[in-house]
Each structure stands twice: as structure tokens, then as C-alpha cells.
Amino acid sequence: MSAGNGKLIIRLDNVRRIYKVGVERIHALDGISLRLYENEYVAVMGQSGSGKSTLMNVLGCLDRASSGYYELDGQDTTRLSDAELARVRNERIGFVFQSFELLGQLTALRNVEIPLIYSRDGWLSRRRRAKKALERVGLGGRIKHRPNQLSGGEKQRVAIARALVCDPSILLADEPTGNLDSKTSESILELFDQLHREGQTIVMVTHEEHVAKHTKRIIRLEDGHICSDLAAEDDIIGRGDGEGKML
Ligand SMILES: Nc1ncnc2c1ncn2[C@@H]1O[C@H](COP(=O)(O)OP(=O)(O)OP(=O)(O)O)[C@@H](O)[C@H]1O
Ligand SMILES: [Mg+2]
């Protein structure tokens, strides 16, 4: 499905990711074709082991497809060297993990500054941009705190600020509320909703239907392939009132 008039951000054609473990070959992604457009707000769902994290890692240029085509912002990523791919990841991708992945010895501000190390900005400009990103996620009052001085929700806000600081084409989040209680989860999801309204393109993995309900499009994976890809209002599996239309 397509979002209609938005700019194409991501194009995957028949992407496979095969893990080799001993003599076994695991088809974690088994022929994924997908288009994502600017300002889309997408949930990726599916059972444990269905390939959600593998898909996010390929989309986020943390991993490469074994075969198939992946274009990001009009650029064929499959032809890039590792160094070029790392640069694309730094400049165009914001990644948020379930476990926050902050550096414990650094303040919130310094954590958010990390991705800017590769930018041409001087330190003052980097500091200003990091502070602005923290203000954007509602943490302007916590910039000097270290992770162990922050709540779980605040840590995830720092991680989101770090993901946004380079103004990425796409924000990828792998179970971003998986380590948070329900009230804190809801406030993080409201932040994602706000970022979507501000124009950010977002793809989020979740196990939970109530989390997916925040998004506009729900992609379901099964054994490494897409079994359903529908506008959230048409995704009747999530409403629990019958069988969803399968592709
Ligand atoms: N590094 C790896 N080496 C070998 N097999 C892997 C590796 N990472 C994942 N797999 C396998 O690939 C398949 C997809 O894994 P993936 O982590 O993408 O699933 P997932 O949908 O994110 O699951 P979960 O909901 O539990 O996080 C699984 O069968 C998994 O065992
Ligand atoms: Mg996973």
C-alpha cells in the first residue's frame, strides 16, 4: 500500500536476510518488498522470531540484506561500502531501542551530542542542537543528569532526542515501550504522535495492539514475509472482531 502523495523514503524489493548457524540457514527475512513514504507512521507486528528486528536492522543500515534491493532517499544502499553505509546511518537514520542504549558515564546532553561528532558543526553548535533536541522531547530541564539519575521514560526520551538530533529521514524504534510501565509507555507514544504531527517519518516495532493503534499503517510479519499491510483503520485483526484481510 502507499501513503499517496508523500515522497518515497524507503524502497525494499525482495529483500532476504539469511543467517547461517552451523549448517543451518535461517531465512529471517524471506522476500520483503515494501515502500515507505514521507511522514508515514507505521507499526511492524508479528510473533517472536518473525523477523521484526532483522527488518529494522536492515532498514536502519545496522545490517545488510543477503540479497534484494534497498533504496533510502533515492540512494541504492546495496552498492555502498561499509564506511559509506555507516555515514548514511549516521545522517539519515534515527534508531531507538527497547533498552535505551545510553552511555552511563555521560550526561543526557553529551549522550545526545554523540551522533553530531561526525557533523561539520563546531562544539557550540553541537551543544545547541543537542539542547534543542532534548527540549523537543520535553527534557530541557534534565540536560545535566546522567542516565542513572533519570526515570525509564526520561531515559527513553534522551534516546529519542539522540535519534532525532541529526534530523533523520526516518525514525526507527524497536519495541520502544517494551521496558516501560503502561503510563510511561503512553507518554512516550504521545511523544511519537507529536513527532508524527511535526512531519517525522516513523516505523515502530511492537507486540501490543494498543501501541500499534497509535500508528496509521500496520505491517504484520510471519516467518520473514509480510502477511498483512493495511491502513490501521482497516486492520481488523487488531480490533479483535475477525480475520484481517491477508495479502
Ligand atoms: N544473529 C543471528 N544469528 C542467527 N539467527 C538469528 C540472528 N538474529 C536473529 N536470528 C533468527 O532470525 C529470526 C528472526 O529474528 P528477529 O530477531 O528478527 O525476530 P523478532 O520478530 O524481532 O522477534 P522478537 O519479537 O522476539 O524480538 C529468528 O528465527 C531468530 O532466531
Ligand atoms: Mg525483535
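No value in this document is a laboratory result; all are computed from the given coordinates. Predicted model, so just to flag it, every value in this text is computed and none were measured. Methodologically, a virtual Cβ is constructed for each residue, glycine included, from the backbone with ideal geometry; neighbour enumeration extends over all protein chains shown.
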*Would you mind getting me the FRET efficiency between Ser67 and Lys7? Use the beta-carbon distance for r and R0 = 30 Å, nearest 0.05.*
0.70
*Quick one: order Cys61, Cys227, Cys166 by neighbouring beta-carbon count within 10 Å, fewest to most.*
Cys227, Cys166, Cys61
*Mind listing the long-range amide H neighbours of Ile93? Cut-off is under 5 Å, sequence gap 5 or more, other chains count too, H placed in the peptide plane at 1.01 Å from N.*
Ser169
*With point charges of +1 on the Cβ of Lys and Arg and -1 on the Cβ of Asp and Glu, referenced to the Cα centre of the chain, which listed residue (Ala159, Cys61, Ala108) lies farthest in the positive direction of the dipole?*
Ala108
*Hand me the tally of lysine pairs in the stretch 8-238: alpha carbons under 28 angstrom apart, and the pair either on different chains or 8 or more positions apart.*
19
*asked:* How much length would be gained if the chain were fully extended between Glu91 and Arg197, taking 0.36 nm per residue of separation minus their Cα-Cα distance, in nm to one decimal?
replied: 36.0 nm
*Give me the distance in nm between label points sitting 7 Å out from Cα along the Cα-to-Cβ direction at Lys213 and Glu38, one decimal.*
3.2
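Can you check what the net charge comes to around His145, using other residues whose Cβ is under 10 Å from the Cβ of His145 (Lys, Arg +1; Asp, Glu -1)?
+3
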_Can you give me the distance in nm between label points at Glu233 and Ser48, each placed 7 Å from the Cα along the Cα-to-Cβ direction?_
3.6
*Is any residue of the stretch 123-157 close enough, with backbone N under 15 Å, to a label point placed 7 angstrom from the Cα of Ser182 along the Cα-Cβ axis, and if so, which?*
none
*Obtain the nm distance between the two label points defined at Ile117 and Tyr19 by a simple spin-label model: each point lies 7 Å from its Cα along the Cα-to-C-beta direction.*
2.8
*Considering only the other residues whose Cβ falls under 9 Å of the Cβ of Tyr70, what net charge follows from Lys and Arg at +1 and Asp and Glu at -1?*
-1
*Sum up the charges of everything whose Cβ sits under 12 Å from the Cβ of Glu198, counting Lys and Arg as +1 and Asp and Glu as -1, but leave Glu198 out.*
0
*Potential extension, Thr78-Ser151 segment - 0.36 nm per residue separation minus Cα distance*: 22.4 nm
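With charges set only on the Cβ (+1 for Lys and Arg, -1 for Asp and Glu), what does the dipole of the chain come to about its Cα centre, in debye to the nearest 20? The partial results should precede the final answer.
Values: 36 positive and 35 negative charges, 262 e Å.
That gives the chain a dipole magnitude of about 1260 debye.
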*Using the charge dipole of the chain (Lys, Arg: +1 at Cβ; Asp, Glu: -1 at Cβ; taken about the Cα centre), state which of Gly6, Phe95, His145 has its Cα farthest towards the positive end.*
His145
